[in-house]
Structure formats: C-alpha cells, structure tokens
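One structure is given here, and the rest of the page talks about it.
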Amino acid sequence: MTRGPFPAFDQSIYSQRGEPLIRNATRTTIAPTGTISIIAGCSSGIEPLFALSFTRNVMDNDKLPEMHPIFIERIKEKGLYNEDLIRKVAIKGSLEGIEEIPEDIRKVFVTAHEIDPEWHIRMQAAFQKYTDNAVSKTVNFAHDATEEDVARVYRLAHDLGCKGVTIYRDGSRSQQVLNKGLSKTKKKASSFPKRPRVLRGFTTKLNTGQGSLYVTINTDENNAPVEVFANIGKSGGDTSALAEAIGRLISIALQKGVKVEEISQTLIGITGSRPIWNEGILVKSVPDGIGQILLNEFGNKGKELKKSSKPVVNHKLNSSDEEIKIPSGPECPECGSVMETEGGCSFCRVCGYSHCG
C-alpha cells in the first residue's frame, strides 16, 4: 500500500468491521451497459426484459426491430412456434393475455412494464446491499404514471438504502431509444389541405413610418385567409426582408389553424421608431399595420377586442392624441435611437452616427 488507505477509512464501515486497510473506498459496481450489451448480445445488467419484441432507435433514427432469441428457442422446443403467434407477440411486445403460451413460460418471460414499480426498486435494493457504488437500474413507468407514483418510488428507494434511482415514463419523449413492440406507427397525413393552384385575394396599401406597405391576403373558397404577403421598400432591404418574414410566418400560422384574432392581436401594439397617422388611424410599425389589416378584414372585432388589452385598431384622432409625441426620424443602426434629419442628412445625437459620415 504505497499510497495508504483512502483518507476516510477510519470512519468507514470497513474500519468498523475490523477489515484490513484498503486504498479504494468502492470496489464493486453495477454500471449501465446498454451499448456494450447490444454488442455482446447479453443482458444489460439486472434489468428485467424490456420487451420480448421491441423497436430500437439508433443512429439517424434508424429503426431496428428485435425479438428475444431465448424466447424463440423456448417456444420452438415446446413445438409452439408459428408465424401467427410470433406476429401477435411481436406487435404486443409481451406475453400478457396471450393464452396460446403456457403459463410456465409466461411466468418466466415477464417484461419490465408488467412489473410493479415497487418491485423494480426492491430488485435494485437486493443488489445494492452487496454493491459499493450505486446500482444502474431503471424503473419503467407506464405512460399514465402520476407524480405521486414517482414520488412513492423515490421514497421507497431511500428507505431501502439505494444510492441512486432512475425512472422513465414510457412515451415521455417524442423519440426514445426503446419502444415496446414492433413499430406500427405510420406517418400522419397532414390535416390541412394542400394549397390549391389558384387562390384569390386582395391587396391593401397602408402608409407606415418606413414607407408604403402593401399587404396581399389570399383566401380559400370559404373566404378564410390562408396566406399573407407583405412588401415594403426595395427588394433586398432589411425592412423588406422583415416584412416578407412576417408574411411567411403568418401564412404558416393560418395554415396550422391559429385564429386570426390571436395572430393580429400579437402584432398590434408593436411600436417602431416612426409611428404615423394613416387616415385617422395610428400605425405604430410594419407588424402593427399588418395586424390591423388582418383584424379589420377577418377578425371578430365585436367580441375579441373588448376582451383584449391591446389598443383598439380604429383609433380615431381626438383631443387626447395631441399629447402623443411621434418621433420624426429613422432608427439609428448603431444604438437604436431616433435620428434627426438636417440638410438632407440623418444623424444620431446619442451615439454620433451619421448616414453621411
């Protein structure tokens, strides 16, 4: 023992039991061996069988169907092997409720989801008693497991002296490594119809602080909006790109069933650097203007606007509006402040940026 025993040996159970000095505080472990067990074709530790047949998702979501080889050997020995029976077991993933399989075989080939979570923990505790490190073991919960079910397992693991516990609720992730039974899922067809080759709509012109905004809304045969195109300024400009992006996102939302009121009220009220009046209506920004057009043309103005905390769209000029101070310059590209224009050149008093500099 060149380096001597571990520092806390005197306070350890080894010292209390009168055992000789040892260097390593922990000498036994049951480690997770998922990948290694696949390569070796053996059990992955003290786990019960996950399933007699399962689909393993590996690499780039490749699906590998597997059937437990020892189960296949056993039913062949009993003369029970036939394609219909194998197909039934493969789809279900276990022998539960399959009466064609004798009871003595069903008792041996019990799968993880057929074992109560409490007994998963008791199995782990039995091995933990003789293992220095924490034991690798997963408690498999059904998809409908509750928070209290999980809490009960954690409390039991603590009471029985387990040094760690891992739980997994089936289906809690959109992609999981193992799925019980052979994959039967098919790609769901979209519930939204494909875009017709021809759609009819209308274009609305709206003056904004960034220039004239043209919003084209195309509708389906029921006069419901299905796509939006927004154009402003020269092609290739930042404002034009943002307007186009807003139109595309609105189109996706409409095609996924999002209500017009939800979309428009999300946009209404967004304030840019140059709000302006447009025929008695305050247009605060490009997205605000698009939201107003959508709501005015397709929204349920009577009910929805009363519930909304957003500003009323048809905001007519009145005496109180005289107090509104509207910035008179473009937004500074350096600091975002409002720029002033003198002598045909815009400059920022905050950071000193100038378009003519």
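The values are calculated or read from the model by the stated rules, or taken from the named source; none is laboratory data. Model, not experiment: these values are computed from the prediction. Neighbour counts run over all protein chains shown; Cβ positions are idealised from the backbone, glycine included.
Observations on the structure shown:
- Neighbours by Cβ (under 6 Å, 6+ apart or cross-chain): first from segment 182-206, over 30 Å from S94 (Cβ atoms); second part of a loop (DSSP other than H, G, I, E, B) and modelled with pLDDT under 80: none
- For segment 260-284, the set of residues classified as touching a helix residue (DSSP H, G or I) at 6+ places or on another chain (Cβ under 9 Å) and not in a helix (DSSP H, G or I) consists of I268, G269, I270, T271, G272, P275, W277, N278, I281, L282, V283, listed by residue number.
- Positions within segment 117-162 being under 29 Å from the mean Cα position of the chain (by Cα), of a type in the set (D, E) and exposed (fewer than 13 other Cβ atoms within 10 Å of the Cβ), in sequence order: D144, E147, E148
- Any hit, segment 230-245, residues being among the charged types (D, E, K, R), under 19 Å from N296 (Cβ atoms) and assigned by TED's automatic domain parsing to the domain that holds L267: no
- Any pair with Cβ under 6 angstrom, 6 or more apart, that starts in segment 144-160 at a residue that is closer than 15 Å to M123 by Cα and assigned by TED's automatic domain parsing to the domain that holds E118 and ends at one that is of a type in the set (A, V, I, L, M) and surrounded by 14 or more Cβ atoms within 10 Å (Cβ to Cβ): V153/I121; V153/V139; L156/I121; A157/I121; A157/V165; L160/A125
- Every test in (1) assigned to a loop (DSSP other than H, G, I, E, B); (2) closer than 20 Å to S44 by Cβ is passed by D132 save one, and that test is (2).
- Residue within segment 2-24 that is closer than 30 Å to E96 by Cβ, out of contact with any Pro (no Cβ under 8 Å at 6 or more places or on another chain) and surrounded by 15 or more Cβ atoms within 10 Å (Cβ to Cβ) present: no
- Residue among G97, G93 that is more than 30 Å from N24 (Cβ to Cβ) and touching a residue at least 60 places away in the same chain (Cβ under 8 Å): G93
- Within segment 177-192, tally of residues that are in contact with a strand residue (DSSP E or B) (Cβ under 7 Å, 6 or more places away or on another chain) and either at pLDDT 95 or above or not aliphatic (A, V, I, L, M) (or both): 4
- Condition met for H113 (part of a helix (DSSP H, G or I) and in contact (Cβ under 8 Å) with a residue 60 or more places away in the chain): yes
- Residues satisfying the stated conditions in segment 261-283, i.e. under 20 Å from E244 (Cβ atoms) and modelled with pLDDT of 90 or more: I263, S264, T266, L267, I268, I270
- Selection from segment 10-36 of residues that are over 20 Å from Y130 (Cβ atoms) and hydrophobic (A, V, I, L, M, F, W, C): L21, I36
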